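Beneath this line is the structure, given in structure tokens, with notes to follow.
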Amino acid sequence: MTDVILETKNLTKEFKGFTAVNEVNLRVQRGHIHALIGPNGAGKTTCFNLLTKFLVPTSGQILFNGRDITRDKPAQIARQGIIRSFQISAVFPHLTVLQNVRIGLQRELGTSFHFWRSEHSLSALDARAMALLDEVDLGSFADTVTADLPYGRKRALEIATTLAMEPELMLLDEPTQGMGHEDVHRVTALIKKVSQGRTILMVEHNMNVVSGICDRISVLQRGAMLAEGNYAEVSKNPQVMQAYMGTADGELEAGHA
């Protein structure tokens, strides 16, 4: 039996008669990079919001490591090891790169968000923070004020702060959105690198990214699961091609959103 870390059973979310997520059954295997893709408005981000409890499901179940977490609060979800990044850059712009990562590490000291603590009291975290920055190729930017970082490097910093929370499951929402080719390549390689020993579920539009690093792909359309499989299987699925391209001819090509 495959080792499933996250599973949804008939997960549904309705908004005043509109069904945004419709009986979605998702199974994410431990150690995989799993992509959630689909046209705009397919329900991908709503699905993420349900998994991290920013939204409460109308019906259905969410299981993490076999445990029902459907009614858990967002903070409880995070403590169990489900850590999420967002489409919009979520870093502290006027702190240095090192200070940003150190905030994520403060949980280990039991001083989370005690911003009035002296610099000296947090110095014990510096070695671990630097190790995380090195892991995402930001070691040379440690003393840079975050606002001065290029956009792609800010997304790398977000991944570092996510890693600081020691996630068992990382949820990445559009990690390459708005990036140029060079940044996309860098962040894609970074996701592949940090996936070692971890599980990643990601929403992503860029098919080059999805085809290059994802073990399994789930396709949503109008809130429902349309198809699932590896890239070769999904890209040849006539329903998926119809949803993305408006035609059943040819194949879904890397590069199309």
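The values are calculated or read from the model by the stated rules, or taken from the named source; none is laboratory data. This structure is a prediction, so every number in the text was calculated from the model and none was measured. A quick note on method: Cβ atoms are made from the backbone with ideal geometry, for glycine too, and the neighbour counts reach across all protein chains shown.
Need a quick list: strands (runs of 3 or more DSSP E) entirely within the stretch 133-235 having at least 3 residues that are closer than 27 Å to residue 11 by Cα and either free of Cβ contacts under 8 Å to residues at least 24 places away in the same chain or within 13 Å of the chain's Cα centre (by Cα) (or both). Explain how you work it out, then say what you get.
Values: elements: 169-173, 199-203, 216-221, 224-229.
The strands (runs of 3 or more DSSP E) meeting that bar are 169-173, 199-203, 224-229.
Would you confirm whether or not the stretch 196-203 contains a residue that is under 29 Å from residue 59 (Cα atoms), modelled with pLDDT of 95 or more, surrounded by fewer than 20 Cβ atoms within 10 Å (Cβ to Cβ) and not β-branched (Val, Ile, Thr)?
no
Looking at the stretch 1-60, which of the residues that are basic (Lys, Arg) and in a strand (DSSP E or B) is farthest from residue 224 (Cα to Cα)?
Kept after step one, since they are basic (Lys, Arg), are these residues of the stretch 1-60: 9, 13, 16, 27, 30, 44, 53.
Applying the additional criterion that residues be in a strand (DSSP E or B) yields 9, 13, 27.
Details: 9: 12, 13: 11, 27: 14 Å.
By that ranking, first place goes to 27.
Taking residue 228 as the residue in question, decide whether it is surrounded by 22 or more Cβ atoms within 10 Å (Cβ to Cβ) and either aliphatic (A, V, I, L, M) or not assigned by TED's automatic domain parsing to the domain that holds residue 131 (or both). First the steps, then the outcome.
Details: surrounded by 22 or more Cβ atoms within 10 Å (Cβ to Cβ): no; either aliphatic (A, V, I, L, M) or not assigned by TED's automatic domain parsing to the domain that holds residue 131 (or both): yes.
No: the conditions fail for residue 228.
Would you confirm, using the coordinates I've provided, whether residue 63 is modelled with pLDDT of 90 or more, within 22 Å of the chain's Cα centre (by Cα) and within 15 Å of residue 163 (Cα to Cα)? Please lay out each step first, then the result.
Numbers: modelled with pLDDT of 90 or more: yes; within 22 Å of the chain's Cα centre (by Cα): yes; within 15 Å of residue 163 (Cα to Cα): no.
In short, no.
Which one of these is aliphatic (A, V, I, L, M) and closer than 15 Å to residue 84 by Cβ: 11, 63, 55? If you could, list the steps in order and put the result at the bottom.
Working: 11 fails: closer than 15 Å to residue 84 by Cβ; 63 fails: closer than 15 Å to residue 84 by Cβ.
Of the residues listed, the single one that is aliphatic (A, V, I, L, M) and closer than 15 Å to residue 84 by Cβ is 55.
Could you list all residues from the stretch 1-17 that are more than 18 Å from residue 204 (Cβ to Cβ) and out of contact with any Gly (no Cβ under 9 Å at 6 or more places or on another chain)?
Taking the stretch 1-17 first, the residues more than 18 Å from residue 204 (Cβ to Cβ) are 1-5, 7-17.
Selection gives 1, 2, 14, 15, 16, 17.
Condition test on residue 49, is it within 24 Å of residue 237 (Cα to Cα), surrounded by fewer than 22 Cβ atoms within 10 Å (Cβ to Cβ) and not charged (D, E, K, R)? Outline the logic, then answer.
On the way: within 24 Å of residue 237 (Cα to Cα): no; surrounded by fewer than 22 Cβ atoms within 10 Å (Cβ to Cβ): yes; not charged (D, E, K, R): yes.
Taking the combined requirement at face value, the residue does not satisfy it.
Which one of these is of a type outside the set (A, V, I, L, M, F, W, C), farther than 25 Å from residue 165 by Cβ and at pLDDT below 85: 229, 212, 250, 223?
Details: 229 fails: at pLDDT below 85; 212 fails: at pLDDT below 85; 223 fails: at pLDDT below 85.
After ruling out the rest, the residue left standing is 250.
Inside the stretch 23-38, can you point out the residues that are more than 17 Å from residue 172 (Cβ to Cβ) and either crowded, with 19+ Cβ neighbours inside 10 Å or not assigned by TED's automatic domain parsing to the domain that holds residue 218 (or both)? Walk me through it before giving the result.
First, pick out the residues of the stretch 23-38 that are more than 17 Å from residue 172 (Cβ to Cβ): 23-25, 27.
Selection gives 24 alone.
For the condition within 30 Å of residue 105 (Cα to Cα) and crowded, with 21+ Cβ neighbours inside 10 Å, what is the one hit in 220, 169? Outline the logic, then answer.
Working: 220 fails: within 30 Å of residue 105 (Cα to Cα).
Every option except 169 fails the conditions.
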